[in-house]
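One structure below.
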Amino acid sequence: MAGGDKKVQKGGMIMRCPVCGAEVDWFDICDKCSYQNSGPEEKEGDLLGPNKMTLKEAKEAYKMGKKII
């Protein structure tokens, strides 16, 4: 499954976390990096949901080993 691809798995839709690439349910918190994705249409500069940083900021923080909030 390429980054951004989605698939159906029992119980719901699965996608790649836009920050770390781990499999995660749509609109769920990633177990690997703790980012809550806002679905497959999320944009780099969007500040959506309960996240305190944009997707771009979260990607940068993850690469640097910082906590994603």
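Quick notes on this structure:
- Residue check: Lys52 meets all listed conditions (1) open to solvent by 60 Å² or more (accessible area, probe 1.4 Å); (2) touching a residue at least 24 places away in the same chain (Cβ under 8 Å); (3) of a type in the set (D, E, K, R) but one, namely (2).
- Among the residues examined, Glu42 qualifies as at pLDDT below 85 and either open to solvent by 70 Å² or more (accessible area, probe 1.4 Å) or more than 17 Å from Gly12 (Cα to Cα) (or both).
- When restricted to residues that are surrounded by 11 or more Cβ atoms within 10 Å (Cβ to Cβ), of a type in the set (A, V, I, L, M) and out of contact with any Asp or Glu (no Cβ under 9 Å at 6 or more places or on another chain), region 55-69 contains 3.
- Selection from region 15-30 of residues that are exposed (fewer than 14 other Cβ atoms within 10 Å of the Cβ) and either polar (S, T, N, Q) or at pLDDT below 95 (or both): Trp26
The values are calculated or read from the model by the stated rules, or taken from the named source; none is laboratory data. Predicted, not measured: the structure shown is a model, and the values here were computed from it. Cβ atoms come from the backbone with ideal geometry, glycine included; neighbour counts cover every protein chain shown. When the accessible area is computed, the model is the full protein with side chains, heavy atoms only, and any ligands, DNA or RNA have been set aside. Shrake-Rupley method; radii C 1.70, N 1.55, O 1.52, S 1.80 Å.
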